[in-house]
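The structure appears below as structure tokens.
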Amino acid sequence: MASDSDHYMTPRGEYIRIVPMQDALGPHCTECERTVIPRASGGTEAEPWQHAMGCSQYRPHPDSIAGQPDYAA
Ligand SMILES: [Zn+2]
């Protein structure tokens, strides 16, 4: 059964650290208004799991249960 926790837990039951970044000067999604910026660790791509779950641009974290290829929402 799908649940919100599927989006921040791995299949092994570990929590994924998805830290919502709030930066008043950073780029914002026009739809969900979340700050969506590359990770401070050096990523160059915006990470789509930073969007709100209801946002059309949201994608589950690839390590999450919901991010698995065979996941059925
Ligand atoms: Zn968004």
Quiz item: Restricting attention to segment 9-35, and to residues there that are under 22 Å from GLN68 (Cα atoms) and of a type in the set (A, V, I, L, M, F, W, C), which single residue is modelled with the highest pLDDT?
Solution: MET9
Quiz item: Would it be correct to say that ALA66 is modelled with pLDDT under 90 and either within 16 Å of the ligand (Cβ to nearest atom) or within 19 Å of SER3 (Cα to Cα) (or both)?
Solution: no
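The values are calculated or read from the model by the stated rules, or taken from the named source; none is laboratory data. Fair warning: this is a prediction, and the values are worked out from it, not measured in the lab. A quick note on method: Cβ atoms are made from the backbone with ideal geometry, for glycine too, and the neighbour counts reach across all protein chains shown.
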